[in-house]
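The structure appears below as structure tokens.
Nothing in this text is a laboratory measurement; each read-out follows from the coordinates by a stated rule. Given the structure is predicted, the values throughout are model-derived calculations rather than measurements. For neighbour counting, all protein chains shown are included, and Cβ atoms are generated from backbone atoms with ideal geometry for every residue, glycine included.
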Amino acid sequence: MASDLAFHRLLKPLLFLACLAPCARLLWGIQTDDLGPNPLETVTHTTGDWALRLLLVTLAMTPLRRLVHAAWPLRLRRMLGLFAFFYACLHFATWLVLDQELRWSDIVVDIGKRPYVTVGFAAWLLLVPLALTSTRRAMRRLGRRWSQLHKLVYLATLLAVVHYLWLVKADLRDPLLYAAVFAGLMLLRVPWRWLFQERRTPRRGEMSGG
């Protein structure tokens, strides 16, 4: 237990810095004018990619806990989820402010007209209540409903994957890879042992009164 706690205390700040690194890289690129020929596209894709990656890493914490038989992956899950929301907000804000220039009529039309924008916006909306209820106080107040509410992360991640698939028009390798990872993480949550457990046929004489 002590070694597990020490490992967690060492890993958490390192992971925090690693999660900040993509944002720091973008800020440095903006400062040095080193974001390529299309800076808006670079910022949009980078923030969207990292939002999806961190959502998948967040979902991986529960299977990882079962694999390593330790509690520290679950202690990292909230931070990873909040960073996923952070990059999702950056991704959404980039589209809202830099791409659409806060033209609200165009924004509403875009959300309703383009399917990949619709599902992306829906994914972001689903993440909002999860971020707002990520505190221990919210967990205590909501009780069992907290766990039910936070199952929305599965739907949010699915919509984020679909958003990426529908956004890409040519090379589908990256979005298909993310889709495969998501599918694998969902399969790891299926109680296969229970589903495939053979029901033992009672032997003669085992029935009551036999």
Legend entry - Residue order, fewest to most surrounding Cβ atoms within 10 angstrom, among 105, 134: 105, 134
Legend entry - Derived scalar couplings ³J(HN,Hα) [segment 158-163; Karplus, 6.51 cos²θ - 1.76 cosθ + 1.60; whole Hz; x for Gly, Pro]: 4, 5, 5, 5, 4, 3
Inset, instruction - Could you go through segment 120-134 in sequence order and give the Karplus-derived ³J(HN,Hα) for each residue, using 6.51 cos²θ - 1.76 cosθ + 1.60 with θ = phi - 60°, rounded to whole Hz, and x for Gly and Pro? - result: x, 5, 5, 4, 5, 4, 5, 6, 4, x, 5, 5, 5, 10, 8
Legend entry - Backbone HN-Hα couplings from phi across segment 65-76 [Karplus 6.51/-1.76/1.60, Hz, Gly and Pro as x]: 4, 5, 6, 8, 6, 9, 8, 4, x, 5, 6, 8
Inset, instruction - Apply 1/(1 + (r/R0)^6) to the Cβ-Cβ distance of residue 34 and residue 139, taking R0 = 35 Å, and write down the FRET efficiency to the nearest 0.05. - result: 0.25
Inset, instruction - On a 0 to 90° scale, report how tilted helix 2-32 is relative to the longest principal axis of the chain, with both axes built from alpha carbons and the result rounded to the nearest 10. - result: 20 degrees
